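Q: Structure incoming, see below.
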Amino acid sequence: LLDHFASKTFWFWYRLVLPTLIFRIPLSVTLPLFFAAEFTTGYWLAFNFQVSHVTDEADFLVNAQTVDADKPGHTEFELEWAVSQVLTTIDYGHGDAVATYLSGALNYQTVHHLLPTVSQAHYPKITPIVMEVCQKYGHKYNALPSFRAALGAHFSHLREMGRLGKAPELKLE
């Protein structure tokens, strides 16, 4: 709890107090810049997560218990963990240095899910190996050519869900 409080205090000091009191930048300048930066980075991060998981290209794993159960419970899937990671993620912009930089290499989402403790600097080199293994064992590797294509696929999925009248659903099983 103390660490959390200390980090939030530092963040507040660094983002608002430092510019206004130390550098004497008027609050009328600091606040609009602060909110512009927060909204920009927040939306960018949110869209990055959405395009990597919520499209028609990604599988949404369900099993008989999830579909038929009257109450939530432990859910088991027949697929191996690694296979489920490959099927439920979407990559985009392989080889696009700008997309890789702006997303922190999260445009290589599949490798991020498979190897979360590996530095993202290695994702572009690891991805062809994972793609080769997927091909060898007959598993589909989801990759779109660009962020624009991934964002378009995400919006297309949302449009289709709306057209079908499907309500959003959050599963925390």
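Q: Leaving out ligands, DNA and RNA, what percent of the accessible area of the chain is carbon and sulfur, probe 1.4 Å?
A: Working: 7970 of 12220 Å².
Answer for the chain is 65 percent, counting heavy atoms of protein chains only.
Q: To continue, here is another question. Roughly how large, in nm² to one decimal, is the mean projection of the convex hull of the alpha-carbon atoms in the chain? Spell out each step's value before the answer.
A: Values: hull surface 58.5 nm².
One quarter of the hull surface, i.e. the mean projection, equals 14.6 nm².
Q: May I ask you to derive the relative contact order of the chain, considering only C-alpha pairs under 8 Å and at least 6 residues apart, and to give it as an integer percent? Numbers along the way, then the final one.
A: Values: 157 pairs, mean separation 41.0, N = 173.
The normalised contact order for the chain reaches 24 percent.
Q: Give me the accessible area per residue for the chain, probe 1.4 Å, as a whole number in Å². Kindly include the intermediate steps, with their values, before the conclusion.
A: Numbers: 12220 Å² over 173 residues.
Per-residue value: 71 Å².
Q: Specify which residue in the list Thr100, Leu33, Ala121 is farthest towards the positive end of the charge dipole of the chain, using unit charges on the beta carbon of Lys, Arg (+1) and Asp, Glu (-1), about the Cα centre.
A: Final value for the positive-end residue is Leu33.
Q: Let me ask something else. Output the DSSP H helices from the chain with an along-axis C-alpha extent of no less than 30 Å and a mean Kyte-Doolittle hydropathy no less than 0.5.
A: On the way: long enough: 27-51 (35 Å, 1.02).
What comes out of the filter, once short or polar helices are dropped, is 27-51.
The values are calculated or read from the model by the stated rules, or taken from the named source; none is laboratory data. Everything numeric in this text was worked out from a predicted model, so none of it was measured. Every residue, glycine among them, receives a Cβ derived from its backbone with ideal geometry; neighbour counts consider all protein chains shown. Accessible surface areas use protein heavy atoms only, side chains included; no ligands, DNA or RNA. Shrake-Rupley method; radii C 1.70, N 1.55, O 1.52, S 1.80 Å.
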